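Chemist: I'd like to ask some things about the structure below.
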Amino acid sequence: MNADELAGRLEEHRDRLGRFVQRHAGRTLRFETVDDLIQDIHLRSIGQAAQFTYRSEPEFEAWMLRIARGHLADRYDYWTATKRGPERLLRLTRAEGDSSDPQAVRMPARDTAGPATRAGDSDELLRAEKALGLLLPRDAEMVRAHADGSTLEDEALRLEITYAAAQKARLRALQRYRKAFAVLALGE
């Protein structure tokens, strides 16, 4: 089955896949829509088309749902990992320029934490997580590493680039992250 035939067959099963995603995506649906997840599953399926030989409809559905399960698990893992320390990500949205210390911008102290304050904080943290999810993988890794306190030397070694290139890459990644955060804030 070539990629075009597979894409057509996947589209025929879109409703079935949508119901599956709706039932199995769980908390991932807080961050991504069913349609986005279906589109990603379709892309992943087409990417694995060479590994699939169509024999019957039940086998096709089983293969499609296996890929869907894998994708949903990967997205759940991604969002779970993102939730670890999202306050550090939120701090980066408030930083100006490229600070070498991710702790340089602290969350403002509050005398009280009433329901409205907690809800506002929760919305901002969710926006910070979504903004990270909008970045390209390398940018997201750079932002997360910076938030976790990784040095530029470590990043240069990990990416096998010069210190100056790592510095520029981090600065650009942080700028893109802040821009994504700001755009998401405008949409609310």
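Chemist: Any idea how many residues of the stretch 40-67 are in contact (Cβ under 8 Å) with a residue 12 or more places away in the chain and within 17 Å of the chain's Cα centre (by Cα)?
Modeler: 3
Chemist: Take ARG30 and tell me if it is in contact (Cβ under 8 Å) with a residue 24 or more places away in the chain, surrounded by fewer than 18 Cβ atoms within 10 Å (Cβ to Cβ) and under 30 Å from LEU126 (Cβ atoms).
Modeler: Working: in contact (Cβ under 8 Å) with a residue 24 or more places away in the chain: yes; surrounded by fewer than 18 Cβ atoms within 10 Å (Cβ to Cβ): yes; under 30 Å from LEU126 (Cβ atoms): yes.
Criteria met by ARG30.
Chemist: Being surrounded by fewer than 13 Cβ atoms within 10 Å (Cβ to Cβ) and among the aliphatic types (A, V, I, L, M) is the requirement here; does LEU186 meet it?
Modeler: yes
Chemist: Does any residue in the stretch 156-168 that is closer than 13 Å to ALA145 by Cα and touching a residue at least 12 places away in the same chain (Cβ under 8 Å) come within less than 6 Å, Cβ to Cβ, of a residue that is of a type in the set (Gly, Ala, Ser) and assigned to a helix (DSSP H, G or I) six or more places away or on a different chain, and which pairs are these?
Modeler: Qualifying pairs under 6 Å: ALA166/ALA156.
Chemist: In addition: So, restricting to helices (runs of 4 or more DSSP H) that lie completely within the stretch 104-188, which ones have at least 1 residues that are over 18 Å from TYR78 (Cα atoms), modelled with pLDDT of 85 or more and small (Gly, Ala, Ser)?
Modeler: Where helices (runs of 4 or more DSSP H) fall fully within the stretch 104-188 and carry at least 1 residues being over 18 Å from TYR78 (Cα atoms), modelled with pLDDT of 85 or more and small (Gly, Ala, Ser), they are 152-159, 163-186.
The values are calculated or read from the model by the stated rules, or taken from the named source; none is laboratory data. All values derive from a computational prediction rather than experimental measurement. FYI the Cβ positions are ideal-geometry reconstructions off the backbone, even for glycines, and counts take in every protein chain you see.
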